[in-house]
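Take a look at the structure set out below.
The values are calculated or read from the model by the stated rules, or taken from the named source; none is laboratory data. Only a predicted model underlies this, so the values are computations on that prediction, with no experimental measurement involved. FYI the Cβ positions are ideal-geometry reconstructions off the backbone, even for glycines, and counts take in every protein chain you see.
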Amino acid sequence: MHRRRHYIYPDVESLVGAFVCDVEKFLEESRQSDRPLHIALSGGSTPLAVFRTLRETTVPEAWSRVHICWGDERCVPPDDPESNYGSVRRILIDPLGIAGKNIHRIRGERDSGREAERYGRELRNLLPLEEGVPVFDWIWLGLGEDGHTASIFPHQIALWDAVQTCVVATHPQTGQKRISLSGKVINAARRISFLVSGKKKSPVVNEIVMKEGRYAEYPASLVAPASGYVEWFLDRDATSWLSGGTD
Ligand code: 6PG
C-alpha cells in the first residue's frame, strides 16, 4: 500500500524552494550511499525553475553519485527547444559541468520504436532490478490538464500497463511522438514526486486527489508505487478546487 503526501505552498517560488531542499538532501544521501542513486526527471515547464535554482545552489561533485535519466522525452533532436534533455543540459548540466557519464538521455532524434527498446535496455542494465523491472530511487512527474503524466495520455492509457520498460506514445493534439517510462517502472520507484503549479491544473488535481469526475481515465491516477510513496508538491493555485473554489 503506497502512502500519499500533499505539500501545498502559497506560490510556485516556495514550492520550488522546498523541492530544491529535498534534491539537495538526496544529493547528500547519494554521497553517503554504498551505491549510486538513480533519478528520472520530468519534462515540461514546471521543473525548469528547479533546474535553474540547482544550478545556483549545487556543485558538480554533489552529482557525482547520481545517475540522471528521464521519465519521458519528446521525439526531437537535443537542441530542439522542445527537448526535455536539451532544457536540462542548457540550464543545469552544461553550466554546472555535471559529468557526462552520469547522464542517460533518451535520444529523441532516433527512430522512436528502436529508441524506446534501446533506452529500456540501458535502464535495465544501469538500475537495480526487481522482478526484471528497473527501480528508480526517485521519479519526478508533471501533470497535464488532461490528466496525463510522463508521456502517457488518456487516449492511450493502455500504455500504462505495457510489458515494455519504455513505450512510444503520441501527443493527442500535436501528434508529436513521445517516449515514456511505462507504468510498471513508474510504480516500482522508491519515491515519486509530482510537481504541479497553476490554476489551469486545479480541476484535474481536484478530480485525481478527490477521486471524482473522470479521474479513472487519467494516467496520473494510476501512479501508486508498490512499496514507496508519492508526494504532491502543489502551489495554492493548483489546489484552488480542493478548497471548494471553482476558479
Ligand atoms: C513532458 C512531460 C509532461 C509534463 C506535463 C506538465 O515532456 O511534457 O514530462 O508529462 O510534465 O505535461 O507540463 P508543464 O509542467 O509544462 O505544465
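Among the residues making up the range 10-43, those that are of a type in the set (Gly, Ala, Ser) and buried (at least 17 other Cβ atoms within 10 Å of the Cβ) are SER30, ALA40, SER42, GLY43. Each residue in the range 39-86 was checked for being over 20 Å from TRP232 (Cα atoms), in contact with a strand residue (DSSP E or B) (Cβ under 7 Å, 6 or more places away or on another chain) and not aliphatic (A, V, I, L, M), and 10 pass. Screening the candidates ARG124, ARG114, ARG118 for the property of being touching a residue at least 40 places away in the same chain (Cβ under 8 Å) and surrounded by fewer than 18 Cβ atoms within 10 Å (Cβ to Cβ) yields one hit, ARG124.
Any idea which of GLU73, GLU28, GLU82, GLU24 is more than 23 Å from ALA188 (Cβ to Cβ) and touching a residue at least 60 places away in the same chain (Cβ under 8 Å)? So the residue among GLU73, GLU28, GLU82, GLU24 that is more than 23 Å from ALA188 (Cβ to Cβ) and touching a residue at least 60 places away in the same chain (Cβ under 8 Å) is GLU82. For the range 162-210, a tally of residues being surrounded by fewer than 23 Cβ atoms within 10 Å (Cβ to Cβ) and among the aromatic types (Phe, Trp, Tyr) returns 0. Any residue at all in the range 211-219 that's more than 11 Å from the ligand (Cβ to nearest atom), assigned to a loop (DSSP other than H, G, I, E, B) and either within 13 Å of the chain's Cα centre (by Cα) or buried (at least 23 other Cβ atoms within 10 Å of the Cβ) (or both)? Yes, some residue in the range 211-219 is more than 11 Å from the ligand (Cβ to nearest atom), assigned to a loop (DSSP other than H, G, I, E, B) and either within 13 Å of the chain's Cα centre (by Cα) or buried (at least 23 other Cβ atoms within 10 Å of the Cβ) (or both).
The number of residues in the range 73-105 that are within 14 Å of the ligand (Cβ to nearest atom), part of a loop (DSSP other than H, G, I, E, B) and hydrophobic (A, V, I, L, M, F, W, C) comes to 2. Filtered by the rule that a residue be assigned to a loop (DSSP other than H, G, I, E, B) and either at pLDDT below 95 or more than 11 Å from the ligand (Cβ to nearest atom) (or both), the range 188-204 gives ALA188, ALA189, ARG190.
For the condition farther than 25 Å from VAL167 by Cβ and among the β-branched types (Val, Ile, Thr), THR46 does not qualify.
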